[in-house]
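The values are calculated or read from the model by the stated rules, or taken from the named source; none is laboratory data. Since this is a predicted model, take the numbers as computed values, not measurements. So basically every Cβ, Gly included, is an ideal-geometry build from the backbone, and we count neighbours across all protein chains shown. Heavy atoms of the whole protein, side chains included, go into the accessibility calculation; ligands, DNA and RNA do not. Shrake-Rupley method; radii C 1.70, N 1.55, O 1.52, S 1.80 Å.
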Amino acid sequence: MTKVDSQLQDNTANNIRLQGIGPTSKRWRDRLIHRLKEQGISHPGVLSIMGHLPRHLFIDEALSHLAYEDTAIPIGFKQTISQPYIVARMTELLLLRAEKLDRVLEIGTGSGYQTTVLSQFVRTVYSVERIEPLYERTAEKLKRYGIRNVKLDLTDGTWGWPEKAPFDGIVVTAAPDEIPIELLSQLSPDAVLIIPVGGQEQMLNVIKRVGEAEEFEREVIEDVNFVPMLTGTTR
Ligand code: SAH
């Protein structure tokens with residue numbers, strides 16, 4: 001059994017609890033999984049989690065009919081819940097490239113959907129959000145859903161989360177124009193940073209720290225479309 005498999009098993013309590021909530025939309029989720037596979041997602045753990053986790057619990061009820069479409073959906077404050085494909089892709093890249101998954105930082109908590117997906121593979125997920133009402137809403141939601149291995153903070157993630165660093169992986173779900181240098185300094189040896197970079201035209205980058213050196217390898221994955229990474233915090 002791989003480490004990820006065993007962590008998955010450790011977390012099955014979370015899955016069961018989540019499956020019991022809300023309308024049963026297994027048929028919709030099966031369709032979503034079918035589509036993710038067609039788009040090249042192949043990691044069994046990722047497909048399994050995304051097939052079990054009810055995405056409609058992370059969006060406004062009025063939009064829940066869109067929950068299993070492969071699109072980004074508004075969550076208020078000009079932000080969106082990420083498209084399932086990109087959540088799957090970033091998670092898969094993290095699982096394939098990271099050496100261990102004890103501590104992972106997510107920048108841009110938003111709806112908490114990607115956070116929850118990560119929480120199924122990572123011992124402790126740290127996630128930061130800069131918009132206070134989103135932070136509060138998602139903190140309350142994750143508590144209600146019984147997701148315990150996630151620590152949230154209201155802060156500008158451009159600076160990472162220095163008090164909790166170093167991280168085995170950092171996943172950024174909003175796009176800066178350039179890679180914030182602070183994030184590189186918060187990677188543990190062999191850790192990875194998965195980050196969309198660019199303005200109008202964005203590319204998904206995977207940056208891997210080479211052992212303990214202050215040296216990094218960059219891999220450019222594909223073009224993506226995220227909301228911009230902004231500075232400061234806001235109410
Ligand atoms: N992972 C989220 C994506 C939400 S969209 C989801 O699936 O729901 C990106 C989020 O990043 C938004 O909530 C936005 O407010 C937040 N964000 C943008 N810039 C940020 C920054 N500098 N620090 C922290 N969060 C940021």
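A few remarks follow.
- Surrounding net charge for T231, when Lys and Arg each add one and Asp and Glu each subtract one, Cβ distance under 10 Å: 0
- Size of the range 145-208 from its Cα atoms: along the principal axes, largest to smallest, the extents are 37, 29, 17 Å.
- In the chain, helices alone account for a calculated mean residue ellipticity at 222 nm of -9500 deg cm²/dmol, with every DSSP H run of four or more residues adding -39,500 (n - 2.57).
- Sparsely packed loop sites in the range 160-235 (the GluC sites (Glu not before Pro) outside DSSP H, G, I, E and B with at most 16 other Cβ atoms within 10 Å) comprise E178, E201, E212, E214, E215.
- Kyte-Doolittle mean at least 0.5 and Cα axial length at least 15 Å: DSSP H helices in the chain: 84-97
- Gain on full extension, evaluated as 0.36 nm per residue between K151 and T124 minus their Cα-Cα distance, stands at 9.0 nm.
- A protection proxy built from the mean count of other Cβ atoms within 10 Å ranks the segments 119-128, 86-95, most packed first, as 119-128, 86-95.
- Pairs over the 26 Å Cα-Cα cut-off, from the set K37/K78; K37/K151; K78/K143; K78/K100: K37/K78; K37/K151; K78/K100.
- In this structure, the amide hydrogen of I81, modeled 1.01 Å from its nitrogen in the peptide plane, lies closer than 5 angstrom to those of I73, I75, counting only residues at least 5 positions away or on a different chain.
- The portion of the accessible surface of the range 81-235 made up by carbon and sulfur, rounded to a whole percent, is 46 (1.4 Å probe; DNA, RNA and ligands excluded).
- Average accessible area per residue (Å²) across the range 3-224 - probe 1.4 Å, nucleic acids and ligands excluded: 45 Å²
- Dipole magnitude of the chain about its Cα centre (Cβ charges: Lys, Arg +1; Asp, Glu -1), debye to nearest 20: 1120 debye
- Short to long, the 5 Å bins of the Cα pair-distance histogram for the chain hold 1, 7, 15, 20, 22, 18, 11, 5, 1, 0 percent of all pairs.
- Within straight-line cross-link reach of K141, aspartates and glutamates at Cα separation under 19 Å, skipping those fewer than 8 residues along the same chain: D60, E61, E106, E129, E132, D153
- Computed FRET value (nearest 0.05) for L63 with E178, which takes r as the C-beta separation and R₀ as 35 Å: 0.60
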